[in-house]
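**Student:** Have a look at this one before I ask anything.
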Amino acid sequence: MNLIGPELVRDLVSLIEVLDRGEPYRVAVFRSADPDFFISHVDVTKVNAYRAEAAKLTGEASIALLFRRLAETKAVTIAQIEGRARGAGSEFVLNCDMRFGARGRAILAQNEAGFGLIPGGGGAQHLVRMLGRGRALEILLSADDYDADLAERYGWLNRSLDKDEIGSFVTRLAHRIARMPASGHVIVKERVNAISLAPVEDFRRDSDLFGEGVTQTTAQRRIHDAIGRGFQSREAEIDMGKLLGDLPD
């Protein structure tokens, strides 16, 4: 299900180091080979392990700072979402430069509130800036699933597209951007990030709050209850919005 664990984070560290070089890597498109899941969320059984892998690039045990580095790479990054991207999976795509979702396939969610937690990878920072206060609070507090059309309407996605159109659309866009001068990509991203990207300290604070919260009794109890109902298994996570909504108070 592409849970974010040490292996995925290790690969992302290596990829960011490549994309930081700039030429010849002008555009990177992220797709998932799994038809149901883009990136599920973090593996709650391996929090310390994946944070340790992130520290190899950022110097701090934080995927928030790792994701922020993704937003700052010289390459243009595009997420082609044709499955579920929840929690840190949503935060991963939020740190990409653009997001496109397949109708009937893409599902986005920030599910941390279901465990009494704040998103630890920059989700709150991005959603408030992109969607506004009210919609950000709806997403963050409901911990519910949002389909591609609603996510587009809210501003979470650039566009929603039919599943038989999304691949060709994203490929055309990527090639068009790649034909433009790379020097323009770098300066445009630098200025847009200066306007829209939250300071490092805010990403660090959210990461720390998640790390502290996940060890607390409430979060641990709800994680235990969710695992008992199939959390982190494919079958249960197809409809995780329902799973979280049905957890006892």
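The values are calculated or read from the model by the stated rules, or taken from the named source; none is laboratory data. Computed from a predicted model, the values in this text were never measured in an experiment. Don't worry about glycine lacking a Cβ; one is built from the backbone with ideal geometry, like all the others, and counts go over all protein chains shown. Ligands, DNA and RNA are excluded from the accessible area calculation, which covers all protein heavy atoms including side chains. Shrake-Rupley method; radii C 1.70, N 1.55, O 1.52, S 1.80 Å.
**Student:** Looking at Thr45, Thr58, which one is open to solvent by less than 40 Å² (accessible area, probe 1.4 Å) and more than 15 Å from the chain's Cα centre (by Cα)?
**Tutor:** The match here is Thr58.
**Student:** Let me ask something additional. With the structure loaded, tell me whether Arg21 is modelled with pLDDT under 95, out of contact with any helix residue (DSSP H, G or I) (no Cβ under 7 Å at 6 or more places or on another chain) and open to solvent by 20 Å² or more (accessible area, probe 1.4 Å) or whether it fails that test.
**Tutor:** yes
**Student:** Follow-up question, since we're still on this one. Would you point out the residue of segment 51-63, among those that are small (Gly, Ala, Ser) and in a loop (DSSP other than H, G, I, E, B), that is farthest from Met240 (Cα to Cα)?
**Tutor:** Only one residue tops the list, namely Gly59.
**Student:** Based on what the data block shows, is Ser32 in contact with a Lys or Arg (Cβ under 7 Å, 6 or more places away or on another chain), polar (S, T, N, Q) and more than 20 Å from Glu190 (Cα to Cα)?
**Tutor:** So Ser32 does not fit the description; no.
**Student:** Can you tell me how many residues in segment 163-184 are under 22 Å from the mean Cα position of the chain (by Cα) and not small (Gly, Ala, Ser)?
**Tutor:** 6
**Student:** Does at least one position in segment 242-249 carry a residue that is charged (D, E, K, R) and at pLDDT 95 or above?
**Tutor:** No, segment 242-249 contains no residue that is charged (D, E, K, R) and at pLDDT 95 or above.
**Student:** Another question, if that's okay. Of all residues being among the acidic types (Asp, Glu) and open to solvent by 60 Å² or more (accessible area, probe 1.4 Å) in segment 209-249, which is farthest from the chain's Cα centre (by Cα)? Just the residue, please.
**Tutor:** Asp249
**Student:** Give me the residue from segment 70-88 that is open to solvent by 10 Å² or more (accessible area, probe 1.4 Å) and assigned to a loop (DSSP other than H, G, I, E, B) and, out of that set, nearest to Lys163 (Cα to Cα).
**Tutor:** In this case the residue turns out to be Glu82.
**Student:** Given the structure, is Leu66 assigned to a helix (DSSP H, G or I), among the aliphatic types (A, V, I, L, M) and within 14 Å of the chain's Cα centre (by Cα)?
**Tutor:** yes
**Student:** Restricting attention to segment 210-249, report how many residues are in contact (Cβ under 8 Å) with a residue 60 or more places away in the chain, part of a loop (DSSP other than H, G, I, E, B) and farther than 19 Å from Gln110 by Cβ.
**Tutor:** Matching residues across segment 210-249 total 0.
**Student:** Let me ask something additional. Would you confirm whether any residue within segment 95-110 is farther than 20 Å from Phe30 by Cα and either among the basic types (Lys, Arg) or modelled with pLDDT under 95 (or both)?
**Tutor:** Within segment 95-110, none of the residues are farther than 20 Å from Phe30 by Cα and either among the basic types (Lys, Arg) or modelled with pLDDT under 95 (or both).
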